[in-house]
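Read through the structure below, which is laid out as structure tokens, and then see the notes.
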Amino acid sequence: MPIYEFRCSSCGQINSIYQQGFAAIAHSCPDCGNNKLERIFSPFSMRKTDKQVYEEIRSDRQFEKALKRNDPKAIAEWVTRTSRGGKVPEECQETVGRLAKGEWPVKGSKPSEGE
């Protein structure tokens, strides 16, 4: 079932509206009640399979070099670079912050050579 985005011609608010089927249905603005909404183009995303994500990571030569050097700063840069919009998820910020300072997240956790 599609979710469409509409812009209200009165207040300009953009709203996402769930709509069963594909037929044009009259909606009203949830903010001001106006019934003149313009359907607008909205981006969508497609999820990658685990295999696609793994292959993408493995093909990143910059990341591979950082791993081989056991360089926490380079790993933090990679995480930031590959995060959506450059924003690291909140639950990862402490770990990435430590990596960015050149520290491993857990003391004594530096990977050994050849891992």
**Request:** Name the one entry in K73, K48 that is over 30 Å from F6 (Cβ atoms) and either part of a loop (DSSP other than H, G, I, E, B) or modelled with pLDDT of 80 or more (or both).
**Result:** K73
**Message:** Given the criteria surrounded by 11 or more Cβ atoms within 10 Å (Cβ to Cβ) and at pLDDT below 80, does T82 qualify?
**Reply:** yes
**Asked** Quick one: how many residues across the range 56-91 are polar (S, T, N, Q) and under 12 Å from the mean Cα position of the chain (by Cα)?
**Response** 3
**Asked** If you take the residues of the range 45-72 that are aliphatic (A, V, I, L, M) and touching a helix residue (DSSP H, G or I) at 6+ places or on another chain (Cβ under 8 Å), which of them is farthest from E94 (Cα to Cα)?
**Response** I57
**Fill in**
When the range 47-67 is checked residue by residue, the ones that are loosely packed, with under 11 Cβ neighbours inside 10 Å and among the basic types (K, R) are R47, K51, R58, R61
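The values are calculated or read from the model by the stated rules, or taken from the named source; none is laboratory data. All values reported here derive from a predicted model rather than from experimental measurement. Positions of Cβ are generated from backbone atoms using ideal geometry, with glycine treated the same way; all protein chains shown enter the neighbour counts.
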